[in-house]
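Asks: Just passing along the structure, written as structure tokens.
The values are calculated or read from the model by the stated rules, or taken from the named source; none is laboratory data. These numbers were taken from a predicted model, which means no experiment stands behind them. Here the Cβ is made from the backbone with ideal geometry for all residues, glycine too, and neighbour counts use every protein chain on show.
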Amino acid sequence: MEKREFRAESKRILDLMINSIYTHNEIFLRELISNASDASDKLYYNALKNGSTGLDRNSLAIDIKLNKDDRTLTIRDKGCGMSLDELENNLGTIARSGSLDFKRENEKKEDIEIIGQFGVGFYSAFMVAKNVKVVSKAFGSDKAYCWESQGADGYTIAECEKDDNGTEITLFLKDNTEDENYDEYLEEYKIKSIIKKYSDYIRYPIKMDVERSRKVEGKEEEYETYIENETLNSMVPIWRKSSSQLTDEDYNNFYMDKFYDYEKPLKVIHSSVEGNATYNMMLFIPSKAPYNYYTKEYEKGLQLYSNGVLIMEKCSDLLPDYFSFVRGLVDSQDLSLNISREMLQHDRQLKIISTNLEKKIKSELLSMLKNDRENYEKFFKNFGLQIKFGLYNNFGMNKEALQDLVLFHSSSQNKLVSLEEYVSRMKEEQKYIYYASGESIAKIEQLPQIELLKDKDYEVLFLTDDVDEFAIKILMKYNEKEFKSISEGDLGLETEEEKKENAKKSEDNKELFTLMRDSLKDKVKEVRLSTRLKSHPVCLSTEGGISIEMEKVLNQMPNDQGVKAQKVLEINANHPIFNKLVSMMDTDKEKLNNYAQILYTQALLIEGLSIEDPVAFSNAVCELMV
Ligand code: ADP
């Protein structure tokens, strides 16, 4: 069967394309400057190819002219220019890219940095212009042509005069509307800021005549204006330089300038990568968390460049949430300029880059932890909470990546330690990684449950942030060693003999514990003989995975579901109070009941929990005193 060609309504395609690809008008300038830069590159490479070496890149400046009277903006390059055919083919055919062809033809050339390849950037001019005039003369030709178009209705081409090779594009700006002020693009400051934002690292100078004022010589208080041809871009992207060419100061200034921080970064990660993705990156870890870091307002992301041209200010796909504190940029020649946000998400290159970045950030942090402890602790003070959230989030999906980056306060070292360090110090017979949670280190220090562990010289991790215990529960184990709360379950501290002895004691005093539990009704699940106390008479422990600290955290949440820890009141059989309780059992059940209440309330106080009836407690204590 005969194959037919699709017909397309060029007007609609043009509309569709312009309006769906770009969200900001201002990027028309980025597109046209990128084209000018490509044209200059082509001239330069062709010259090299033909054996000429004398061409200086700086002589290929891109000029911008603003004319307020005519409401025009002109962009001129001294690049390869376009022949009659090329004007027809490249500007007359939507989605046709001469640059892509050029790239293909010169595939194996090193250092080729052509930006364009989609063949649509040029048309973004119609977002701001009602008429676009292109005057171009191909290098080596003696004829110049003028291409002109009002957009979708088509274009005209005619021969015209032009002295040098290259292209001059004049935009006749649209009339202002209620929503859009196109006059903006006739203002120096606006053009400067757009160029700084998107095209700062174009490697040809972008020049514009700007008005300046100066003192008239010899005269007080008299000023005159004059015109200066200013270069608007800084041209050399500092991330393309090798780190040996850069000083700490270069990095610091660049960071503070570019990312609006008034403090220098804590750490710089700068490298260029080749492989299944080719890119340069310069990443920074800030010294301090931004004031809004732990709020919804904070937006993560890295700047994304394609060949030095900014594609996106904050590309969030480049960073996992748990490294959202990282600032910086990625520049890759593998990415296309006019790719939309939605397309980027599925970009294979971008995925490879983000996976690499994640690994790199992690390994840099680990090496900082090993070799630059002081700075790592500074880092952890600011961003440790984020890492711990990362451990906990997504059901612990990222625990492998993050478990070596967390630090907790250690009872024996009295400083922050990593899990690896803890495990390396574990005693031979020690079964668990012990932890205790509480409001502050000082408060945990006073918990009665900790005494026995300290006696045995076991290290205990002190968990003081709300998220800590949740993160530990998700981790469950580190290096095959199970985590154990000092307030839950069997701590594994007794010898076989002690175990037998305690089991017998528990059995012998079963009635006492039952009586006490009954008097405390549903306040506790059980009253039991303690194996975790040394000098204190009582403590609370829990069963079932929700600790007292977790209960506190959950109850503060806006969507509090009234989750309760299952509490157990533990009694120290080696404390004199124990014998007293035993004796009361036969003589005075009423008194035993009072004692149970008092002991339970004491245990609540020790845990930092509020007591249900402070007046009753006070009365009960007074009664004992008199
Ligand atoms: P792209 O740059 O993605 O290829 P454009 O629509 O911006 O797409 O441009 C289409 C083609 O027009 C370019 O590929 C290039 O061949 C040609 N072109 C555009 N601007 C210029 C210029 N200033 N000088 C020479 N050729 C140009």
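Asks: Scanning for something farther than 30 Å from THR542 by Cβ and at pLDDT 95 or above, does the stretch 430-443 turn up at least one residue?
Replies: The answer is no, given that none of the residues of the stretch 430-443 is farther than 30 Å from THR542 by Cβ and at pLDDT 95 or above.
Asks: From the set of residues in the stretch 155-180 that are of a type in the set (A, V, I, L, M, F, W, C) and more than 16 Å from the ligand (Cβ to nearest atom), which is farthest from ALA144 (Cα to Cα)? Working first, answer last.
Replies: As a first pass, look at the stretch 155-180 and keep what is of a type in the set (A, V, I, L, M, F, W, C): 157-158, 160, 169, 171-173.
Okay, now just the ones that are also more than 16 Å from the ligand (Cβ to nearest atom), so 158, 172-173.
Working: ALA158: 9, PHE172: 21, LEU173: 24 Å.
Among those residues, the one meeting the criterion is LEU173.
Asks: Determine, yes or no, whether MET208 is surrounded by fewer than 16 Cβ atoms within 10 Å (Cβ to Cβ) and among the hydrophobic types (A, V, I, L, M, F, W, C).
Replies: The answer is no for MET208.
Asks: Among the residues of the stretch 422-445 satisfying the criterion of being among the polar types (S, T, N, Q) and within 26 Å of ASP466 (Cα to Cα), which is surrounded by the fewest Cβ atoms within 10 Å (Cβ to Cβ)?
Replies: This residue is SER440.
Asks: Here's another thing I want to ask about it. Any idea which residue in the stretch 386-406 is nearest to the chain's Cα centre (by Cα), counting only those that are of a type in the set (A, V, I, L, M, F, W, C) and surrounded by fewer than 21 Cβ atoms within 10 Å (Cβ to Cβ)?
Replies: The selected residue is PHE389.
Asks: Here's something else I'd like to know. Return the residue satisfying two criteria in turn: it lies in the stretch 214-248 and is assigned to a strand (DSSP E or B) and touching a Phe, Trp or Tyr at 6+ places or on another chain (Cβ under 9 Å), and of such residues it is farthest from GLY308 (Cα to Cα).
Replies: Across the stretch 214-248, the extreme among qualifying residues is LYS215.
Asks: Looking only at the stretch 300-324, which residues are touching a residue at least 60 places away in the same chain (Cβ under 8 Å) and in contact with a Leu (Cβ under 7 Å, 6 or more places away or on another chain)?
Replies: Passing the criteria: TYR305, SER306, VAL309, TYR322.
Asks: Something else: Can you find a residue that is among the polar types (S, T, N, Q), surrounded by fewer than 19 Cβ atoms within 10 Å (Cβ to Cβ) and over 17 Å from SER316 (Cβ atoms) anywhere in the stretch 343-361?
Replies: Scanning the stretch 343-361, I find no residue that is among the polar types (S, T, N, Q), surrounded by fewer than 19 Cβ atoms within 10 Å (Cβ to Cβ) and over 17 Å from SER316 (Cβ atoms), so the answer is no.
Asks: Looking for whichever is closer than 20 Å to ILE27 by Cα, of a type in the set (D, E, K, R) and modelled with pLDDT under 95 here; the options are ASP153, ASP179, ASP183. Which one fits?
Replies: Criteria check complete, one pass: ASP179.
Asks: The conditions are (1) in a loop (DSSP other than H, G, I, E, B); (2) among the aromatic types (Phe, Trp, Tyr); (3) in contact with a Gly (Cβ under 7 Å, 6 or more places away or on another chain), and PHE284 fails exactly one of them. Which is it?
Replies: Of the numbered conditions (1) in a loop (DSSP other than H, G, I, E, B); (2) among the aromatic types (Phe, Trp, Tyr); (3) in contact with a Gly (Cβ under 7 Å, 6 or more places away or on another chain), the odd one out for PHE284 is (1).
Asks: Among the residues of the stretch 93-111, is there at least one that is more than 8 Å from the ligand (Cβ to nearest atom), modelled with pLDDT of 95 or more, part of a loop (DSSP other than H, G, I, E, B) and of a type outside the set (S, T, N, Q)?
Replies: no
Asks: Scan the stretch 548-563 residue by residue and report those that are in a loop (DSSP other than H, G, I, E, B) and touching a helix residue (DSSP H, G or I) at 6+ places or on another chain (Cβ under 6 Å).
Replies: Restricting attention to the stretch 548-563, the residues satisfying the condition of being in a loop (DSSP other than H, G, I, E, B) are 557-563.
Answer for the stretch 548-563, where residues must be in a loop (DSSP other than H, G, I, E, B) and touching a helix residue (DSSP H, G or I) at 6+ places or on another chain (Cβ under 6 Å): just VAL563.
Asks: Please indicate, with yes or no, whether at least one residue in the stretch 481-490 is touching a helix residue (DSSP H, G or I) at 6+ places or on another chain (Cβ under 8 Å), among the basic types (Lys, Arg) and within 30 Å of LEU416 (Cβ to Cβ). Give the derivation first.
Replies: First, pick out the residues of the stretch 481-490 that are touching a helix residue (DSSP H, G or I) at 6+ places or on another chain (Cβ under 8 Å): 481, 483, 485-487.
Now restrict to residues that are among the basic types (Lys, Arg): 481.
Now drop any that are not within 30 Å of LEU416 (Cβ to Cβ), which leaves 481.
The answer is yes; a qualifying residue exists.
Asks: Moving on to the next point. Quick one: which of ASP77, ASP56, ASP69, ASP85 is away from the ligand (no atom under 12 Å from the Cβ) and modelled with pLDDT of 90 or more?
Replies: Sole residue among the options that is away from the ligand (no atom under 12 Å from the Cβ) and modelled with pLDDT of 90 or more: ASP69.
Asks: Looking only at the stretch 254-271, decide whether some residue is buried (at least 20 other Cβ atoms within 10 Å of the Cβ) and within 16 Å of the ligand (Cβ to nearest atom).
Replies: no
Asks: Sort through PHE617, PHE578 and tell me the only one that's free of Cβ contacts under 8 Å to residues at least 40 places away in the same chain, assigned to a helix (DSSP H, G or I) and of a type in the set (Phe, Trp, Tyr).
Replies: Only one candidate passes the filter, namely PHE617.
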